Amino acid sequence: MHLSKRLFALGTTTAILISACGGTAATPSPSAAASSAAPSAAASSAAPSAAASSAAPSAAASSAAPSASAVQAPNLKIGVVTDIGTLNDKGYNEYTFKGATDGAMAIGAAAPQSIVPKDASEYAADIKQFVDQKYDIIVTVGFNLTNDTVAAAKANPKIHFVGVDQSPVCVDPQGNPDTTFACKGDAKTLLPNYTSLYFAEDQAGYLAGIVAAYASKNKSIGAIGGTTLCAPCVRYIQGYDMGAKSVTPDIKVTAAYVTNDFSAAAFNDPAGGKAFATTFISTNKPDVLFQVAGKTGNGILEAACQKGIYGIGVDVDQYVSLGAATDPTYGCIITSAEKHVESATSQAIQEIAAGTLSAGDVLFNANNDGIGVSDFHDKASMFGPEVTQALNTALAGMKSGALKTCPATGCGDAKTPLP
């Protein structure tokens, strides 16, 4: 159970509660047979195949019964185009696809199909594969697919498009993607069949910063992002800085980014991430390190554990997704800053079936359990009730709007220095 939900269950006094990519994969044509198969241990460790890329990450999820409470729409065909990497990346691609799987099962629809682009040049063509096969709902994963998703939504008004982490949506007065960022069109009106799910990364980062400050002994913590061009990554780190300083005002927070572009180094290079983090740790001497770099970040966590400091994961509960309970490679993870993409994607699909999903930008934040921090797992004894209280207080402030978790100017901009 996620910590945010666990805290909520404690009662009224305490219940105030990337895109990350993996290795390369072939781009398969959607296949009904492939999507219904859960990957085996052998498949996950082997080179990706078309079948493995389209497989549902969770066998348990695939076999679940449809939800009795959701509107049933068994004829809806659902496709997911991930960002580059792998479907089973133990991060953003995987948990978004799990959410699509959950949503499909809830409405009684067939298991969703997936396509994993080899590189950015394939985004539009991969979306078109689902369009040509007359899919009803197409989910695309990550801000890199924004323009191609917007263009497809405009060209295909009868298909519902759900873009994960593609806000704010910028269109011209005709509803086309606006690469000049003048943003003179109203996407909600011009593209009623397109919804972008976005998250308050700064809120999740703030909570992780609180945990980091309590865990730190030398009052020096760090954060490494994949690229300066990833605004969600920057917001995570800005929130992390502010959360840590809410506990220990004079704590040193050092941040760095692996690269300044969207090359594989940013999100798809665990070995490079490990090397980068090893140097970062030796230079800056943090005793807690937050990664915001996808599979590159898995290498960052590995370096943290090898260096004997604590690690904080991102997007999903990485203690669970990386198997830290049995794998000492990642045994130093104390928590993860979460965007609840699985829940958000599932909700979106169910709302499409019910005809209630709003167009435009839909925010998931502390108010609708869109963000949180993970359980402390085997590190729970490190944290006393004061940590729970600090997290509850922060979440209450987020919900009321009293607590600001990102700089008033420059939020999401890596050029804005940490205070």
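Numbers at a glance
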read-out	value
Helices (runs of 4 or more DSSP H) contained entirely in the stretch 200-299, each with at least 2 residues that are among the basic types (Lys, Arg) and not assigned by TED's automatic domain parsing to the domain that holds residue 90	231-247
Candidate set: the stretch 201-232, residues that are within 14 Å of residue 410 (Cα to Cα) and at pLDDT 95 or above; chosen: the one surrounded by the most Cβ atoms within 10 Å (Cβ to Cβ)	202
Filter result for residue 188 (out of contact with any Pro (no Cβ under 8 Å at 6 or more places or on another chain), surrounded by fewer than 24 Cβ atoms within 10 Å (Cβ to Cβ), in the same structural domain as residue 92 (by TED's automatic domain parsing) and in a helix (DSSP H, G or I))	yes
Exclusive hit being surrounded by 21 or more Cβ atoms within 10 Å (Cβ to Cβ) and more than 13 Å from the chain's Cα centre (by Cα), set 359, 366	366
Qualifying residue in the stretch 327-336 (condition: in the same structural domain as residue 282 (by TED's automatic domain parsing) and of a type in the set (A, V, I, L, M))	yes
Residue that is surrounded by the fewest Cβ atoms within 10 Å (Cβ to Cβ), among those in the stretch 129-152 that are of a type outside the set (S, T, N, Q) and assigned to a loop (DSSP other than H, G, I, E, B)	134
Test for residue 155: is it more than 22 Å from the chain's Cα centre (by Cα) and either within 17 Å of residue 346 (Cβ to Cβ) or at pLDDT 95 or above (or both)	yes
Single unsatisfied condition, residue 308 versus (1) modelled with pLDDT of 95 or more; (2) not in a loop (DSSP other than H, G, I, E, B)	(2)
Among (1) in the same structural domain as residue 248 (by TED's automatic domain parsing); (2) within 24 Å of residue 95 (Cα to Cα); (3) not in a loop (DSSP other than H, G, I, E, B) - the single one residue 347 does not satisfy	(1)
Tally of residues being buried (at least 18 other Cβ atoms within 10 Å of the Cβ) and within 19 Å of residue 269 (Cα to Cα) across the stretch 308-333	10
So residue 171, is it in the same structural domain as residue 138 (by TED's automatic domain parsing) and in contact with an Asp or Glu (Cβ under 7 Å, 6 or more places away or on another chain)	yes
Matching residues in the stretch 72-95 - criterion: being over 19 Å from residue 146 (Cα atoms) and at pLDDT 95 or above	72, 73, 74, 75, 76, 77
Selection from the stretch 105-130 of residues that are within 17 Å of residue 75 (Cα to Cα) and in contact with a Ser or Thr (Cβ under 9 Å, 6 or more places away or on another chain)	105, 106, 107, 108, 110, 111, 112, 113
Pairs with Cβ under 9 Å, 6+ apart, first in the stretch 361-379 and within 23 Å of residue 191 (Cβ to Cβ), second charged (D, E, K, R)	361/188; 364/339; 365/399; 370/339
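The values are calculated or read from the model by the stated rules, or taken from the named source; none is laboratory data. Here the structure is a predicted model, which is why all the values come from computation and not from measurement. Please note: Cβ atoms are built from the backbone with ideal geometry, for glycine as well, and neighbour counts cover all protein chains shown.
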